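Asker: Quick one: this structure, given as structure tokens, is what I'll be asking you about.
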Ligand SMILES: Cc1ncc(COP(=O)(O)O)c(C=O)c1O
């Protein structure tokens, strides 16, 4: 009986062949694989352009640069997310302003976002947390106040809102292909997409030293390019993605849990998190039954040491403080068998 992991990267002969072909071609960087991967990904999610890059964090940094965000600017981010959502803002010298999350869906709270908008606010980063798509109100609020909406889609490949795929909802979206994500590239990787024609040319420039076609650097950038071997693996995985997401949805509906899904949306089920009062007990119990689980994310971002000087470090975001340490992620990935799903259900309801 295998131990059930929280995530299981996919690897088969087709991925292997794509990787070896890319290496054997001798073209290891800046070649046809990355170009095609970007085009195929944009088409898949409905964005007008997409460019592969080295990680989800790199994509978030590029999003900040694309919107010319820097010192003196504020960007509103949720208090509960992976830390990279907030540090991308700090890394360009701007200030992350932490908003609380929704009690029901755990995404950034639109009311708190609106309350925190100032004349310095340049953008909101909405995170589709665990695969749950953020509120449609975010877009209305950003439109009303004329600020950009960035999707942190690192956990949400395949989620939809009103039939529109994640990646084509906001001005810019940032995906991660970290091995645990809904699809991966055999290492680190990310993708940045846009729905705005005025940003599409700059996307490619920003991951390549800000250079134009003549190789002149016309704006500040650095090397964030994805390698050809990763892009080749990504292209194979992208072709499986719809099936994997369907399987994640099927698994989530089979596992007995009380997690709510937002109306008008489809969850991408990167993680299946359950809100409990006794996380250590639940985790120990799952562990004793050979099932991995963990708390996601125990410390709200404003309370991390990196933000010890931040004005909100000691200020409570009540919902984040109340639930962040009580959300336990359990396996929901597509490689789970029927027996394993049964084992998860029984261990959860002992
Ligand atoms: C919500 C969120 N944002 C950003 C990232 C950063 O992605 P990467 O690890 O590819 O840099 C992650 C990855 O874990 C994430 O979950």
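Only the coordinates and a few stated rules stand behind these numbers; no lab work does. On a predicted model such as this, the values are computed, not experimentally measured, just so you know. All Cβ positions, even for glycine, are placed from backbone atoms using ideal geometry, and neighbour counts span all protein chains on display.
Asker: Please report how far the C-alpha centroid of segment 276-343 lies from that of segment 16-43, rounded to the nearest whole angstrom.
Answerer: Centre-to-centre distance over Cα atoms comes out at 36 Å.
Asker: Mind ranking 178-184, 148-154 by how tightly packed they are, going by the mean number of other C-beta atoms within 10 angstrom, highest first?
Answerer: In descending order of packing, they fall as 148-154, 178-184.
Asker: Note the full-extension length gain between residue 8 and residue 162 as 0.36 nm times their separation in residues minus their Cα-Cα distance, in nm to one decimal. Write down the numbers at each step before the final one.
Answerer: On the way: separation 154, 0.36 × 154 = 55.44 nm, distance 2.97 nm.
Value of the extension gain: 52.5 nm.
Asker: Alpha carbon centre of segment 46-94 versus segment 161-202: separation in Å?
Answerer: Taking the Cα centre of segment 161-202 as reference, the centre of segment 46-94 is 12 Å away.
Asker: Relative contact order for segment 1-111 using alpha-carbon pairs under 8 Å, separation at least 6, rounded to a whole percent?
Answerer: Contact order relative to length: 17 percent.
Asker: Give me the distance in nm between label points sitting 7 Å out from Cα along the Cα-to-Cβ direction at residue 285 and residue 299, one decimal.
Answerer: Placing both labels 7 Å beyond Cα along the Cβ direction yields 2.8 nm.
Asker: 7 Å from Cα along Cα→Cβ at both residue 308 and residue 240: what's the point-to-point distance in nm?
Answerer: Calculated label separation equals 4.4 nm.
Asker: Per 5 Å bin, what percent of the C-alpha pairs of segment 176-271 does each bin hold, from zero upward?
Answerer: Cα pair-distance distribution for segment 176-271, in percent: 2, 11, 15, 16, 16, 14, 10, 7, 5, 2, 1, 0.
Asker: Compute the distance in nm between two label points, each set 7 Å from the Cα along the Cα-to-Cβ direction, one at residue 260 and one at residue 346.
Answerer: 3.3 nm
Asker: Ignoring everything except DSSP H segments at least 4 long, calculate the 222 nm mean residue ellipticity for the chain; use -39,500 (n - 2.57) per segment, divide by total residues, nearest 500. Before the final figure, lay out the partial values.
Answerer: Working: 11 runs with 125 residues, N = 350.
Calculated at 222 nm, the ellipticity per residue is -11000 deg cm²/dmol.
Asker: Take the Cα atoms of the chain, find their three principal axes, and give me the spread along each one in whole Å, biggest first.
Answerer: Cα spread of the chain along its principal axes, largest to smallest: 65, 52, 37 Å.
Asker: I would also like to ask the following. For a protection proxy built on the mean count of beta-carbon atoms within 10 angstrom, sort 250-259, 97-106, 187-196 highest first, please. Spell out each step's value before the answer.
Answerer: Numbers: 250-259: 15.1, 97-106: 21.7, 187-196: 25.1.
Averaged packing, sorted descending, gives the order 187-196, 97-106, 250-259.
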